[in-house]
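Student: I have a structure here, written as C-alpha cells, and I will follow up with some questions on it.
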Amino acid sequence: AAVSPMLQIRDLHVSYGKTQALHGVDLLVQQGEVIALIGANGAGKSTTLRAISGLLKPTQGQIIYQGNNIAGVSADRIVAQGIAQSPEERHIWPTMTVYENLALGAYLCKKDTEVERRVALVYDRFPRLKERHRQLAGTLSGGEQQMLAIGRALMSEPSLLLLDEPSLGLSPRMAEEVFEFVREINTHGVTVILVEQNVYNALSVSTRAYVYETGKVVAEREAAGLLDDPELLSAYLGA
Ligand code: ATP
C-alpha cells in the first residue's frame, strides 16, 4: 500500500489584507524528503512556510499534516505537533545569551533535564555555539546567528523543519556549512522544507523542488533532474 504523505497541501489560498499572496497551491511532502521551494522574490514561498507553521491563517484550502488538517491552527499547537520554523528574519533575542535563546526553543518542554539534553545535542551539532554558550546573541556573526536560529528550531525536536533562506547574508563558506547541516539534520530523520535564493546549493541537498510563480506552483521536479538541466532551471527561474 502507498505510504500516506507526511504533509499534503491542497488549494492553499493566503492573503495579506487585500493582497492575495497564494492562489491555490498544491504540494506534497513524504517523510524523509528535503523539499526546495524555488522561484522569484514575492512568488509566495515564504508565505507557504508561514501558513504551514501557523503564523498565517489561510483563507481557503487544507494543510494535512500526519493526517490532520492544521490549516488555521495556532502556531504553538503546530510546534507541539512536530513542525518547527527557522524564520527568514531570524528573531534571535540579541540581549539574551546563546544558551537562553536555545532554551526558549524548547518552551513546550517542562523538564529542565530534557532541555539540557537537547541543548547538548545542538551543541554537538554546532560546536561554535557551544564555544559561545554565554555570549549575548546580538554579538554573534551573521552565520552564527543563523546557526542559533536553526539550533533553536531543533530544540522542539521537530519531525518537519521549515527553513526560510538559511543562507541569506552568509559568506559562501558559511552557506556551504548551513547546507551541510541541512543534509546532516535530514540524515538524522528530520524532513525539511527549504526556501532558498541560493538555488544550486538548495537543489544539491534536496530530493524534489516546487517552482513558484506569482502565488502558484508552476512545476514540480526531482532536484537532480533540475540540476542536470540548467536551461530548464533558468527557464523556470526567468534567469
Ligand atoms: P521572498 O524571497 O522575497 O520572500 P517569496 O516567494 O517568499 O519571496 P512571499 O514573501 O511569500 O514571497 O510573498 C508573496 C507575496 O506576498 C508578495 O507579493 C509579497 O509582496 C506579499 N507579502 C509578503 N509578506 C507580506 C506582508 N507582511 N504584508 C503584505 N504583503 C506581503
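Student: Can you list residues whose amide H is under 5 Å from Thr59's amide H, if they're 5+ apart or on another chain and H is modeled 1.01 Å from N?
Tutor: So Thr59 has HN proximity to His13, Val14, Ser15.
Student: Quick one: 3J(HN,Hα) in Hz for segment 111-124, Karplus 6.51/-1.76/1.60 with θ = phi - 60°, rounded, Gly and Pro as x.
Tutor: Ordered by residue, 3J(HN,Hα) equals 9, 4, 5, 5, 4, 4, 4, 5, 4, 4, 5, 5, 5, 4 Hz.
Student: At a probe size of 1.4 Å, how large is the accessible area of Lys216, to the nearest 10 Å²?
Tutor: Roughly 100 Å² of Lys216 is accessible to a 1.4 Å probe.
Student: Among Gly143, Gly54, Leu161, flag the residue with its Cα farthest along the positive direction of the charge dipole of the chain, charges on Cβ as +1 for Lys/Arg and -1 for Asp/Glu.
Tutor: Going by the charge dipole, the pick is Gly54.
Student: Given an 8 Å cut-off on Cα distances and at least 6 residues of separation, report the relative contact order of the chain as a percent.
Tutor: 26 percent
Student: Let me ask you something else. Rounded to the nearest 5, what % of DSSP beta bridges with both residues in segment 105-239 are antiparallel?
Tutor: Working: 6 of 11 bridges.
Restricted to segment 105-239, the bridges split so that about 55 percent are antiparallel.
Student: So for the chain: antiparallel DSSP bridges make up what percent, rounded to the nearest 5?
Tutor: 55 percent
Student: Rounded to the nearest 500, what is the 222 nm mean residue ellipticity of the chain from helices alone, with -39500 (n - 2.57) per DSSP H run of 4+ residues and division by all residues?
Tutor: One gets -10500 deg cm²/dmol as the mean residue ellipticity at 222 nm.
Student: Taking the Cα centroid of segment 109-140 and of segment 36-77, what is the distance between the two, rounded to the nearest whole Å?
Tutor: 28 Å
Student: In a shell of Cβ-Cβ distance under 10 Å around Val14, excluding Val14 itself, what net charge do Lys and Arg (+1) and Asp and Glu (-1) give?
Tutor: Its environment carries a net charge of +2.
Student: If a/c stays under 1.5 just call it rounded; otherwise compare a/b with b/c (prolate if a/b is bigger, oblate if not). Do that for segment 65-119, with a ≥ b ≥ c from the square roots of the Cα gyration tensor eigenvalues.
Tutor: In terms of gyration-tensor shape, oblate.
Student: What is the sum of charges, Lys and Arg at +1 and Asp and Glu at -1, for the other residues whose Cβ falls under 15 Å from the Cβ of Ala40?
Tutor: Working: positive: Lys45, Lys216; negative: Glu165, Glu196, Glu213.
Summing Lys/Arg as +1 and Asp/Glu as -1 gives -1.
Student: I'd like to compare 70-82, 40-52, 93-105: which one has the highest average count of other Cβ atoms within 10 Å, and what's the full order after that?
Tutor: Details: 70-82: 15.7, 40-52: 21.5, 93-105: 18.3.
Ranked from most to least packed, the peptides come out as 40-52, 93-105, 70-82.
Student: Another question, if that's okay. At 1.306 mPa s and 10 °C, plugging the Kirkwood radius over alpha-carbon pairs of the chain into Stokes-Einstein gives what diffusion coefficient in µm²/s? Show your work: numbers first, answer last.
Tutor: Numbers: Rh = 18.2 Å.
Estimated diffusion coefficient is 87 µm²/s.
Student: Now for a separate question. Just need the Rg to Rh number for segment 1-128, please, alpha carbons only, Kirkwood Rh.
Tutor: 1.01
Student: Which whole-number value in Å³ per residue fits the convex hull of the alpha carbons of segment 92-160?
Tutor: 81 Å³
Student: Show me the ranking of peptides 122-129, 157-164 by mean Cβ neighbours inside 10 Å, starting with the highest.
Tutor: In descending order of packing, they fall as 157-164, 122-129.
Student: Take the alpha carbon gyration tensor of segment 80-202, find the square roots of its eigenvalues, order them as a ≥ b ≥ c, and report rounded if a/c is under 1.5; if not, report prolate when a/b exceeds b/c, else oblate.
Tutor: In terms of gyration-tensor shape, oblate.
Student: On each of the three principal axes of the Cα atoms of segment 88-132, give max minus min coordinate, whole Å, ordered largest first.
Tutor: If we take the Cα atoms of segment 88-132, the spans are 27, 22, 19 Å.
Student: Mind putting a number on the dipole of the chain about its Cα centre? Charges go on the C-beta only, +1 for Lys and Arg and -1 for Asp and Glu, and I need it in Debye to the nearest 20. Before the final figure, lay out the partial values.
Tutor: Working: 22 positive and 27 negative charges, 149 e Å.
Here the size comes out at about 720 debye.
The values are calculated or read from the model by the stated rules, or taken from the named source; none is laboratory data. Not measured: the values here are computed from a predicted model. Neighbour counts are summed over all protein chains in view; Cβ atoms, including those assigned to glycine, are modelled from backbone coordinates with ideal geometry. The protein model used for the area step is the full one, side chains on, heavy atoms only, and it has no ligands, DNA or RNA in it. Shrake-Rupley method; radii C 1.70, N 1.55, O 1.52, S 1.80 Å.
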